[in-house]
Amino acid sequence: MNPTTLSALAAFPLQLEAHYTAVPEAFRHWAPPSWKGVPSEAFTAIEQLCHVRDIEVEGYHVRFRRTLSENRPTLASIDSEPLAIERNYGAADAKQVLADFRLARVQTMEIVSSLTDAQLARTAVFEGYGPLTMRSLIHYLCSHDQQHLAGLQWLAGKIDASTVPA
């Protein structure tokens with residue numbers, strides 16, 4: 001697997017925590033009046049953390065296992081907004097969410113860092129993405145990580161803009 005991608009995946013938990021803690025505490029549950037232009041899902045800062053944690057475990061861990069063990073499985077996309085409401089993401093404890101995510105990412109790294117070329121070439125179909133390989137799926141996870149760092153930066157920009165008099 002591409003070492004740049006593996007390095008980015010390994011570094012992400014620290015980056016996620018840093019980007020989250022850079023959001024002023026008073027704004028961690030704040031939502032802008034419009035989500036137009038958000039590069040990630042339209043989630044507050046705390047909701048971004050919960051989403052990343054849940055997609056890691058219930059999305060990518062399941063997708064990785066199925067791709068490695070089944071013959072060309074169809075991998076489900078997860079509808080994140082109902083999950084956020086059902087699990088009351090806004091009431092989550094950020095420290096616990098980050099700890100849970102760090103553990104999940106360790107498990108991810110254990111899965112993806114030792115795959116053979118044959119395992120990386122295994123195929124699946126991902127709803128919304130189409131046919132892919134295990135290698136593709138790992139790149140998509142890395143892309144998802146980056147989307148959420150961008151989402152937190154976008155929120156920081158909206159927070160700063162909200163303090164400018166009209």
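Inside region 103-116, can you point out the residues that are touching a helix residue (DSSP H, G or I) at 6+ places or on another chain (Cβ under 8 Å) and without any contact (Cβ under 8 Å) to a residue 60 or more places away in the chain?
The first filter runs over region 103-116 and keeps only residues touching a helix residue (DSSP H, G or I) at 6+ places or on another chain (Cβ under 8 Å), leaving 104-105, 107-109, 111-113, 115.
Passing the criteria: ALA104, GLN107, ILE111.
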Filtering region 129-148 for residues that are within 16 Å of the chain's Cα centre (by Cα) and either among the aliphatic types (A, V, I, L, M) or over 17 Å from THR5 (Cβ atoms) (or both) leaves a count of 3
When ASP100 is run through (1) loosely packed, with under 14 Cβ neighbours inside 10 Å; (2) touching a helix residue (DSSP H, G or I) at 6+ places or on another chain (Cβ under 9 Å), the failure sits at (1)
Residue pairs within 6 Å by beta carbon, gap of at least six or interchain, first lying in region 117-146 and farther than 23 Å from LEU16 by Cβ, second loosely packed, with under 15 Cβ neighbours inside 10 Å and β-branched (Val, Ile, Thr), listed first then second, are VAL125/THR74; PRO131/VAL125; THR133/THR123
Flagged in region 22-41 as without any contact (Cβ under 8 Å) to a residue 24 or more places away in the chain and surrounded by 14 or more Cβ atoms within 10 Å (Cβ to Cβ), in numbering order, are ALA31, TRP35
Verdict on THR67 being β-branched (Val, Ile, Thr), in contact (Cβ under 8 Å) with a residue 60 or more places away in the chain and in contact with a helix residue (DSSP H, G or I) (Cβ under 8 Å, 6 or more places away or on another chain): yes
The correct count of residues that are in contact with a strand residue (DSSP E or B) (Cβ under 7 Å, 6 or more places away or on another chain) and on the phi > 0 side of the Ramachandran plot in region 126-166 is 0
When every residue in region 42-76 that is of a type outside the set (D, E, K, R) and in contact with a strand residue (DSSP E or B) (Cβ under 7 Å, 6 or more places away or on another chain) is compared, the one surrounded by the most Cβ atoms within 10 Å (Cβ to Cβ) is THR67
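Looking for whichever is closer than 30 Å to VAL125 by Cβ and basic (Lys, Arg) here; the options are ARG28, ARG72. Which one fits? Can you show your working first?
On the way: ARG28 fails: closer than 30 Å to VAL125 by Cβ.
Answer to the check: ARG72.
Read the figures in this text as sums done on the coordinates, not as results from a lab. Just so it is clear, the structure is predicted and the values come from calculations on it, not from any experiment. Glycine also receives a Cβ, built like all others from the backbone with ideal geometry; neighbour counts cover every protein chain displayed.
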